[in-house]
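K.L.:
Before I ask anything, let me first share the structure, which is written out below as structure tokens.
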Amino acid sequence: MNIFLHKLTFKKIVILLGDNFAKVLIYHKSAIIEDIKIADISDKAQMKELAALLLKYQKLPIYIVLNVSEQSFEAISIPTSNPFLFSKLISRKVAPKKGGENVIKGYYKVSNNNGKKKSTDCILVKIPTVSPLKEWLSFLDNMPNIIRAIYSFPVELQAIECDIVKFLAEQESGINPDSKVVKKTKVNFKVKDKVPQEEKGASKWTFYVFQSETSGIRFTIIKDGDLVFTRLLHYSFEEGPFIEERVEVIKNEMIGTIEYLKRLDFKEQDGINIYLFVDNKFNAFFQKFDLPNYNFVYINLQLFGELKFRDHKNLDYDAEPDKLFINYFVSSGLYNGFITPKLKSASSLLDNNIIATVCLASMLVITAALAVLPLYRISLMKDSIKFNVADKNRYAGQLETIREKKFGFDIDEDKVIDVAFLHKKLMNDAQDPIKMIFEFYNFLPSNIIMSDIDWEVYKETKMKLVISAHFKSEGLSFEEVFSAYDAFLRSIKTGFPKYDIDHSELPDTISFESTVESLPINIQVVGPVR
Amino acid sequence: MVIKKLKAILFAKIVIILVMISGSYIFSDKKYDDLKKLDRRETKEISELKQIKAKIYHFNTKTEDISEALATWEYITDEVKEFNGLKLGDAKEIIDRVKKKHNLNQLDIKLSKPEILQGKYKGVKVGVESTILKIKIRSYTDIQVFYFLYDILVMLPGYPQVIKFSIKKSHDLNDSNLYRIARDPKFSPVLSEIDIRWNDLKSL
């Protein structure tokens, strides 16, 4: 989030504050648009010029990068792995007790090397507000610009090794064949350890030598990616370019520093990569010396700068290496800033403003999308409706022509079709019981007398006729009774060929005692079924 | 001064964001309402277009049906000018007349509440109004009943459909029963029950 907010601050003022002098650079994105050197803060003319510049860019926040000798580092371990608790503990409990008053305190986290999983290791950075920082803060207090935070030069540049590796890989693969300035001394340079440190059981050590015209020579030691040691050798470049004796002194200081590292936990067999961010002159003298068996790598400032900041033109990094480092801070810095409580509210306000601007921009996009999307869909739908209405009118015209041709002018065709359909349906569905009963009558012989008739519509489309009758056997022999009854049944089966006919049988015993035998019979006719 | 200005700017930005959120909500809400209305209108237009196309297809392909429908229409509208459904007042008069004509002893009629039929009798502009007539008749002979039913079916306007018809003869019409009838005119050897679904067309 912090880096995201800084990346969103496209225009900014960076003040690189060294022991020799200060450099003020105005950035637009990653390009320097103006810069000014302040050799002495007590020089009123220079400060007036700076004040005018700051007033010109009064809306821009100020980033102070400190490369002074007056900064100290202390390794501490906080007994919590919870980031929220860690932050509270260090800022409210631990930091206030360390270093006394008038000290700007901050921290950066380092790898947990103490074996305790429930603790967080960090380096507490203490920057005393003494000269020249004190005077600068006092001066900036009267300016309208907001101080974003104070940054430590060695802290911000501790992750530069990734870019060095990339730079050296490109040099080796011949992407930039004109370069002949990378001279590997003594041992071959290892681009990057492919084997994890835990497996090897050894630490990875990196030694940066930064040549800074605002301060001198800065040594920065990185162990396993964490800044563990830094020191500044004062050197004023205004006295002239490097001389061999001075370079030798620096070389001896470097070797002395490595010896000091041995008192920490550096071992010769671990090896150490020493990157020299120095000018050509320095390197020329340096190559002459008899060097110990370490991996010394000279980084050509100009080539490195041109590779890393391709869009920066006309910058002489060999003459002004600080511009290279500040460019690096602006583009790839950790932005691990430290801030005083006094500056905090203004800085937070600036952060909140940036967040609000981002929200506003997002809202603009969302609002535009929300407005455009329904409007676009409405427009599409209106077009579709328009097309459908036109189509409907065209077909309605055709229909009208056909209607007039087929039905005439004054007839509602829906009504005609409904009436014809319903009329046909009702007529077809109407069953005629009288017709069926009278047809049945036609087959009745005179000796069968109907008593009851039951007729009904059966399963919507069929009819069911149930007749109860009496068969009079008067004057008939036994055989004649059965044959007459059979003849009757045959006649109705012939007469109603499409119907199912069920009938009762004559009784098994027929009495001939009585004169007129009346035999009950039942006939059921259902159909048509065929 | 700068702090105050920054605070004012921040406040203004927050206000603008809130206004934009509420404004975009109101705007999009209204537009989505409009979209819904347009969607409904589009569905209606498409449905009407389909109906017209179906009609054109029907008119072009079912020419014989249309001629038949027109013939039926002309035949029906010669007598019926308006489709007002069942004429219940006429029915009573007709039944009374037929009862008198056939000298029925007793006639009991029940009528269900008329209703517009759905399902297979559903029309677009004309429907079928229907009621069930339950008739109970007592008479001397079954012939009287048959004539009565025939006259009813012919004389009732619309489309009467017999759905149930029964005749029960308790006595034959012999000399002794004729004598009994002569003495007691209310003696009715024949009982008949007729259920008629009486339908007629009605404009919807």
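K.L.:
Suppose we compare each residue of the range A:414-430 in its chain alone and in the full protein complex with a 1.4 Å probe; which ones drop by at least 40 Å² of accessible area?
P.N.:
With the partner chains in place, the range A:414-430 has these residues losing at least 40 Å²: A:ASP414, A:LYS415, A:VAL416, A:ILE417, A:ASP418, A:VAL419, A:ALA420, A:LEU422, A:HIS423, A:LYS425, A:LEU426, A:ASP429.
K.L.:
While we're looking at this one, here's another question. Can you give the Rg to Rh ratio for chain A, taking only C-alpha atoms and Rh from Kirkwood? Walk me through the numbers on the way to the answer.
P.N.:
Numbers: Rg = 53.9 Å, Rh = 32.8 Å.
So for chain A, dividing Rg by the Kirkwood Rh gives 1.64.
K.L.:
What value, in deg cm²/dmol to 500, does the helix sum -39500 (n - 2.57) over DSSP H runs of n ≥ 4 give at 222 nm once divided by the residues of chain A? Before the final figure, lay out the partial values.
P.N.:
Numbers: 15 runs with 214 residues, N = 530.
Result for chain A, helices only: -13000 deg cm²/dmol.
K.L.:
Here is the link list: A:LYS109/A:LYS267; A:LYS44/A:LYS109; A:LYS406/B:LYS37. Which ones come out longer than 31 Å on Cα distance?
P.N.:
From A:LYS109/A:LYS267; A:LYS44/A:LYS109; A:LYS406/B:LYS37, over 31 Å: A:LYS44/A:LYS109; A:LYS406/B:LYS37.
K.L.:
Find the centroid of the Cα atoms in the range B:73-128 and in the range B:1-65, then give the distance between the two in whole Å.
P.N.:
53 Å
K.L.:
Over the alpha carbons of the range A:220-355, what is the largest minus smallest coordinate on each principal axis, giving the biggest first in Å?
P.N.:
If we take the Cα atoms of the range A:220-355, the spans are 56, 41, 29 Å.
K.L.:
With charges set only on the Cβ (+1 for Lys and Arg, -1 for Asp and Glu), what does the dipole of the range A:8-99 come to about its Cα centre, in debye to the nearest 20?
P.N.:
Result for the range A:8-99 is approximately 540 debye, rounded to the nearest 20.
K.L.:
Could you tell me which of A:PHE219, A:PHE329, B:LEU191 has its Cα farthest along the dipole of the protein assembly as shown towards the positive end, charges placed at Cβ (Lys, Arg +1; Asp, Glu -1), taken about the Cα centre?
P.N.:
Towards the positive end, the residue furthest out is A:PHE219.
K.L.:
Considering protein heavy atoms only and a 1.4 Å probe radius, which residues within the range A:432-453 exhibit an accessible-area decrease of no less than 50 Å² in the full assembly relative to the chain by itself?
P.N.:
Hits at the 50 Å² cut-off: A:ILE434, A:ILE453.
K.L.:
Then there's this: Where does the Debye-calculated log10 I(q)/I(0) of the range A:201-300 sit at q = 0.11, 0.17 Å⁻¹, using only Cα point scatterers of equal weight, no solvent?
P.N.:
Results for the range A:201-300 at q = 0.11, 0.17 Å⁻¹ read -0.31, -0.75.
K.L.:
With respect to the cross-link table entries A:LYS117/A:LYS204; B:LYS101/B:LYS164; B:LYS101/B:LYS125, which display a Cα-Cα separation exceeding 29 Å? Present the calculation step by step, with values, prior to reporting the outcome.
P.N.:
Working: A:LYS117/A:LYS204 22 Å; B:LYS101/B:LYS164 23 Å; B:LYS101/B:LYS125 39 Å.
Beyond 29 Å: B:LYS101/B:LYS125.
K.L.:
Beyond a 20 Å Cα-Cα separation, which of these cross-linked pairs lie in this structure: A:LYS88/A:LYS223; A:LYS425/B:LYS202; A:LYS498/B:LYS120; A:LYS392/B:LYS44? Walk me through the intermediate numbers first.
P.N.:
Working: A:LYS88/A:LYS223 27 Å; A:LYS425/B:LYS202 15 Å; A:LYS498/B:LYS120 26 Å; A:LYS392/B:LYS44 11 Å.
Over 20 Å Cα-Cα: A:LYS88/A:LYS223; A:LYS498/B:LYS120.
K.L.:
Can you pull the Rg over Rh of the range A:410-492, Cα-only, Kirkwood?
P.N.:
Result: Rg/Rh = 1.29.
K.L.:
Ok, one more. Report, by chain and number, residues whose modeled amide H sits under 5 Å from the one on A:ILE147, excluding near sequence neighbours (fewer than 5 apart, same chain).
P.N.:
HN-HN under 5 Å from A:ILE147: A:ILE62.
K.L.:
Taking R0 as 51 Å, what FRET efficiency do you get between B:LYS120 and A:LYS386 from their Cβ-Cβ distance, rounded to the nearest 0.05? Let's see the in-between values first.
P.N.:
On the way: r = 40 Å, r/R0 = 0.77.
Efficiency computed from Cβ-Cβ geometry: 0.80.
K.L.:
Continuing with the same structure: Lysines within cross-link reach of A:LYS59: Cα-Cα under 20 Å, excluding same-chain residues under 8 positions apart?
P.N.:
Within reach: A:LYS7, A:LYS11, A:LYS12, A:LYS23, A:LYS29, A:LYS48, A:LYS342, A:LYS344, B:LYS4, B:LYS5, B:LYS7, B:LYS13.
K.L.:
Taking only the alpha-carbon atoms of the range B:16-114, what semi-axes of the equivalent ellipsoid follow from 5 times the gyration tensor eigenvalues under a square root, in whole Å, largest first? Present the calculation step by step, with values, prior to reporting the outcome.
P.N.:
Working: eigenvalues 722, 151, 16 Å².
One finds semi-axes of 60, 27, 9 Å for the range B:16-114.
K.L.:
Sticking with this one: Which angle between 0 and 90 degrees, to the nearest 10, do you get for helix B:2-61 versus the longest principal axis of chain B when only C-alpha atoms count?
P.N.:
Roughly 30 degrees, rounded to the nearest 10.
K.L.:
Estimate the FRET efficiency between B:SER47 and A:ALA369 by the formula 1/(1 + (r/R0)^6), using the beta-carbon distance for r and 51 Å for R0, to the nearest 0.05. Could the numbers behind the result be given before it?
P.N.:
Working: r = 32 Å, r/R0 = 0.63.
Approximately 0.95, to the nearest 0.05.
K.L.:
May I ask you to work out the translational diffusion coefficient for chain B at 4 °C, viscosity 1.567 mPa s, via Stokes-Einstein with Rh from the Kirkwood sum over Cα pairs, reported in whole µm²/s? Kindly include the intermediate steps, with their values, before the conclusion.
P.N.:
On the way: Rh = 23.8 Å.
Estimated diffusion coefficient is 54 µm²/s.
K.L.:
Given a 1.4 angstrom probe, I'd like the percentage of the accessible area of the range A:402-525 that is carbon and sulfur, rounded to a whole number.
P.N.:
Values: 3410 of 6730 Å².
Of the solvent-accessible surface of the range A:402-525, carbon and sulfur hold 51 percent.
K.L.:
Over the protein assembly as shown, give the accessible area per residue in Å² for a 1.4 Å probe, as an integer.
P.N.:
Working: 39040 Å² over 734 residues.
On a per-residue basis, 53 Å².
K.L.:
In sequence order, what are the phi-derived ³J(HN,Hα) couplings for the range B:82-96 according to the Karplus relation 6.51 cos²θ - 1.76 cosθ + 1.60 with θ = phi - 60°, rounded to whole Hz, with x for glycine and proline?
P.N.:
10, 9, 9, x, 5, 9, 5, x, 5, 4, 4, 5, 5, 5, 4
K.L.:
Under a Cβ-only charge scheme (Lys and Arg +1, Asp and Glu -1), can you give me the dipole magnitude of chain B about the Cα centre, in debye to the nearest 20? If you can, show how the numbers build up before the last one.
P.N.:
On the way: 38 positive and 28 negative charges, 323 e Å.
My answer is approximately 1560 debye.
K.L.:
Ok, one more. Leaving ligands, DNA and RNA out of it, report the carbon-plus-sulfur percent of the accessible area of the range B:72-204 at a 1.4 Å probe. Please report the intermediate quantities before stating the final value.
P.N.:
On the way: 3800 of 7490 Å².
For the range B:72-204, the apolar C and S fraction of the accessible surface comes to 51 percent.
K.L.:
Same structure again: In Å² (nearest 100), what accessible area is buried between A and B, both sides summed, heavy protein atoms only, 1.4 Å probe?
P.N.:
Numbers: alone 29910 and 15840 Å², together 39040 Å².
That pair of chains buries around 6700 Å² in total.
K.L.:
Could you check how much of the accessible area of the range A:47-96 is carbon and sulfur, as a whole percent, using a 1.4 Å probe?
P.N.:
Values: 1540 of 2660 Å².
Accessible surface attributable to carbon and sulfur in the range A:47-96 totals 58 percent.
K.L.:
Here is a follow-up. On alpha-carbon atoms, Rg over Rh for the range A:63-159 using Kirkwood Rh?
P.N.:
Numbers: Rg = 15.0 Å, Rh = 14.8 Å.
Radius of gyration over Kirkwood radius for the range A:63-159 works out to 1.01.
K.L.:
For a Förster distance of 45 Å, can you work out the FRET efficiency between the beta-carbons of B:VAL15 and A:PHE139, rounded to the nearest 0.05? List each step's numbers first, then the result.
P.N.:
Working: r = 35 Å, r/R0 = 0.79.
Working from the Cβ atoms, E equals 0.80.
K.L.:
Here is a follow-up. Under a crude label model (7 Å from the Cα following the beta-carbon direction), how far is B:ALA71 from A:LYS344 in nanometres?
P.N.:
Output for this residue pair reads 10.2 nm.
K.L.:
What distance in nm separates the two pseudo spin-label positions at A:LEU55 and A:LYS7, each 7 Å out from Cα along the beta-carbon direction?
P.N.:
Once both label points are built, they end up 3.7 nm from each other.
The values are calculated or read from the model by the stated rules, or taken from the named source; none is laboratory data. Here the structure is a predicted model, which is why all the values come from computation and not from measurement. All Cβ positions, even for glycine, are placed from backbone atoms using ideal geometry, and neighbour counts span all protein chains on display. The protein model used for the area step is the full one, side chains on, heavy atoms only, and it has no ligands, DNA or RNA in it. Shrake-Rupley method; radii C 1.70, N 1.55, O 1.52, S 1.80 Å.
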